[in-house]
Amino acid sequence: MNVTVNGKQVEAKKGENILSLLKREGINVPTLCYLEDMTPAGACRMCVVEVEGRPALVPSCSQPVDEGMVIHTNSPRVTNARKMIIELLLGSHPDDCLYCAKQPTCDLARLSREYGVTKRRFPTQVRRRYMDISSPSIVRDPEKCILCGKCIRVCEEVQGVACIDFIKRGSESYVGCAFNSSLNVSSCINCGQCVNVCPTGALMEQSSIQQVMDAISAGKHVVVQHAPAVSVSLAEELGIPAGTDVNGIMVSAMRKMGFKAVFDTSFSADLTIMEEASELVERIKDGGTLPMMTSCSPGWIKFMETFYPKMLPHLSTCKSPQQMLGALIKTYYAQKKGLKPEDIVSVSVMPCTAKKFEIERPEMGRGGVQDLDYVLTTRELGRMIKLYGIDVKALTPEEADLPFGERTTAGKIFGASGGVMEAALRTGYYLLTGKELGVLKLEAVRGLEGVKEAKVKIGDLELGVAVVSGLANARALLDKIISGERKDLHFIEVMTCPGGCINGGGQPIARDKSSVKARMQALYSIDSSEKIRTSHSNEQLKHLYSDFLGKPLGEKSHRLLHTKYSPRRTSDRL
C-alpha cells in the first residue's frame, strides 16, 4: 500500500498500524502505554497523528494503515495535542517531573522537557497514596503512576501472575495489589518486568547502593560477583553501544571502588552445570522425577511455590549460581583468607530484581549468616560507577580474581534464554557417554522465542528438552504436563524474564528488542570465539572439587550447593 507521511510517499504493509510504519521509516512518535508485540491499548493518546480527511486525531498505535492515507506526525495540531496531554498528566503528578530528571528512566519527565512544559497549568488535588517499600525487590510510588496499565499487562499477559490491577473506577482509579495489600504479601514474584515497562519511575528497584558504599568506606572486607549477562548490558548505562562486552573495564571499575575481590558468577554457572547435569543423569538412570526443571531463576521458583506447589519435585535441587558462589565465598574463600563468614560483606551484581528477594530466603545461609548480603542491579552498578566519578574510557581492562574468576563460555551463555540448556547438554552428554558433544552449538534452543523445543540423541537415549522464558509460557506448558498431554520431555529450562537474564528486571531499560538482541548476540559471540566451551573443562572448578567439595552430588556439595522448596501461601511474607 502507498501512504504519504510528512509529504513523503512510503510503502506500508497490509494490516500494520501507523506506529509500526513510522518506526520502520525512522520517525519517532512518543508513546507512554505502547508495548511491542502486544495488542495496543490506546490509553495514553501520546502517539496521536493527523490523518487528512479525519475530523479527529487518531492514535497511531491502534489505527491500521489504509491505501492512500496522508499522515502528518508533527503538525501544529498534533504537537499542541501532545503538549496538552503532558500538561494534564502533570496536573496530578509530583512537581519533580517538571524541573529535573530525578528518575532517569522517566519518559514523562523527558517528554515534558522536549515539549517545553515547565510549569503546572492544570493543578488538581492530589490524593496522597503512600509509597510501598515492603518488597525486598521493588518500590512502588503510586503518586508517580499515570495509569498507563503497562505494568498490569506485563504482569498478567507476559508473566501470568496478575498480582496488580486497576482498583476503583474513573478519577478514583489507581493501581494496586489485591485487597489493596502491599507487594510483600501479594503473589508478586519480584521479577521486575513491571519496572522495565513503567514510563514514569513509579516502579523502581529497592536500591542497595548506599549500604554497599557504606560498607566499602568503613573498610570492611567487601567482595563482589557479577552475573554472566551484566558485562554485555552494562555498556548501555555507560553510554557505550548496546551489546558491547565491557567485562574487563567493569572489573577494573569495581576494584577502583574498593572491592577487595571481584569474582565472576559465570564460574559458579559452570559449577551449577556440574551439579545440575549430574542430577539430570541420576534422575534418568534411577527413575527419578521427570521432567526435571531448572532452578536458577528465583522469580520462577516463587511462581512454582505459589501457583504449582505440587510440581515442586520437578525442580532441580541446585541453588542458583549466585547462591552457590555466595555459599563458597563464606566457606571456602573465608577459610583461605582466614576470615570469619560474618566478617565478609558479599555483594552480587545481577540483571535481576528477584535476586534481592532470593538472598533473604531463610535456606540461603548457615548459622544465622546470609550467604549474600546485598544485590545490586546492572542499573545500580552503572549509577555507582558514575557516583565514584570513574572515567571508564581511561580504565585498563582487568581479569576477575581466582579461584572464582575462571569461566568457560558454557557458563557465560547462562545469561540468554536457552543458555542453561545448551551448557547442561554439553556436560550431560559427556557424563553419559564419556565423549564430547560433537556439535556444541544447539541452534534449536537459541533465540528470543518464548518456547523452544528440541530432541537430542545421546547414545540410545532420545532426550526431549524445552526452553521457556516468560512465565505465562511456563504456565501453559505446566498445564499440559499436568494434564498428561506432554509426556515426551525430560529436561526443561525456565527463565522468568522474556529472553532470559539479558532482559532481566534489573537491566538497562530497553524500549524495544534491539538492545536485548544485541546483548544475546554478544554472549553467543563470546561462546563462538573462545576455546573452552564446556563446564567440565574448567580447571579451577576441577581444583575446587578435589580441594574442597569432593564430587558433584557429594555430601558437601549437597550441603552447600543444593536446597529444597516448600509450598507458599500468597499471604506469606516475601
Could you give the nm distance between label points at K480 and R110, where each point is 7 Å from its Cα heading toward the beta carbon?
-> 3.7 nm
What is the antiparallel percent of DSSP beta bridges lying wholly in the chain, to the nearest 5?
-> 55 percent
Express in nm, to one decimal, how much length is gained between D286 and K14 on full extension, taking 0.36 nm for each residue of separation and deducting their alpha carbon distance.
-> 92.4 nm
Return the calculated 222 nm mean residue ellipticity for the chain, to the nearest 500 deg cm²/dmol, obtained by summing -39500 (n - 2.57) across DSSP H runs with n ≥ 4 and dividing by the residue count.
-> -9000 deg cm²/dmol
How would you order 355-365, 239-249 from highest to lowest mean count of nearby Cβ atoms within 10 Å?
-> 355-365, 239-249
Which of K412/K564; K337/K542; K435/K564; K337/K564 have a Cα-Cα distance over 23 Å?
-> K412/K564; K435/K564; K337/K564
Using r as the Cβ-Cβ distance of D460 and K551, and R0 as 25 Å, what FRET efficiency do you calculate, to the nearest 0.05?
-> 0.45
Identify which of the listed values of percent of Cα pairs over 48 Å apart was calculated from the structure shown: (i) 25; (ii) 17; (iii) 14.
-> (iii)
Would you mind checking segment 398-441 for residues with the amide N under 18 Å from a putative spin-label position 7 Å along Cα→C-beta of H543?
-> 399-409
Can you pull the one-decimal nm distance between simple spin-label points at R121 and K435, each 7 Å off the Cα toward Cβ?
-> 7.4 nm
Please give the residues of segment 367-383, grouped as numeric ranges, whose backbone N is less than 19 Å from a label point set 7 Å along the Cα-to-Cβ vector of E360.
-> 368-378, 380
Residues of type lysines that K386 reaches as a straight line, Cα spacing below 16 Å, ignoring anything fewer than 8 places off in the same chain = K102, K256
Evaluate the distance, in nm, between pseudo-label points positioned 7 Å from the Cα of S525 and of I240 along their respective Cα→Cβ axes.
-> 1.2 nm
Gap in Å between the Cα centre of segment 458-483 and the Cα centre of segment 179-210?
-> 29 Å
Lysines near K83 by alpha-carbon distance under 20 Å, same-chain residues fewer than 8 away left out - which ones?
-> K119, K144
Round to the nearest 10 and report in Å² the accessible area of Y115, as given by a 1.4 Å probe over the protein chains' heavy atoms.
-> 50 Å²
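The values are calculated or read from the model by the stated rules, or taken from the named source; none is laboratory data. For clarity, every value in this text was computed on a predicted model and none was experimentally measured. Neighbour counts are summed over all protein chains in view; Cβ atoms, including those assigned to glycine, are modelled from backbone coordinates with ideal geometry. In case anyone asks, the SASA skips ligands and DNA or RNA and just uses the protein heavy atoms, side chains included. Shrake-Rupley method; radii C 1.70, N 1.55, O 1.52, S 1.80 Å.
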